[in-house]
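Asker: Please see the structure below; I have some questions.
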Amino acid sequence: LRFMFLQDGEDPDTLVRKEGKEAYEARMEQAMPLSAFLFNSLMPQVDLSTPDGRERLSTLSLQLISQVPGETLRIYLRQELGNKLVILDDIQLERLMPKAADNGVSRPVPQLKRTTMRILI
């Protein structure tokens, strides 16, 4: 997954018509990978020299990483986050990861239909 930014009003079709197929393919080869785009977008928002800044990067990154399809890519992005936070210990990095059951979404408790038989029991 890569990100290529076009000028306003441009789309891939108009770009190919304007610059040609080879130039478009060259742009695609130079497009920014997801990991670079993710962290390049978030790094200006945090100060990694402070614990609060590192915690903010962790929070912002993990919210986005959890939405990425593909377990392998998510693992890679988490490792990149660990490198940015200078957390090289897998156990410490694993502690940052949200647990499947702790995703902040409360699920409604299923309610049993109240019938005369259930009331009597």
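Asker: Conditions first: (1) at pLDDT 75 or above; (2) surrounded by 12 or more Cβ atoms within 10 Å (Cβ to Cβ); (3) in a loop (DSSP other than H, G, I, E, B). Pro98 passes all but one, so which condition is the exception?
Answerer: Of everything listed in (1) at pLDDT 75 or above; (2) surrounded by 12 or more Cβ atoms within 10 Å (Cβ to Cβ); (3) in a loop (DSSP other than H, G, I, E, B), Pro98 misses just condition (1).
Asker: Another question, if that's okay. For the stretch 1-42, which positions are of a type in the set (A, V, I, L, M), surrounded by fewer than 13 Cβ atoms within 10 Å (Cβ to Cβ) and assigned to a helix (DSSP H, G or I)?
Answerer: The answer is Ala23, Ala26, Met28.
The values are calculated or read from the model by the stated rules, or taken from the named source; none is laboratory data. Since we're looking at a predicted model, the values are computed, not measured. Note that we place each Cβ from the backbone using ideal geometry, even for glycine, and neighbour counts take in every protein chain shown.
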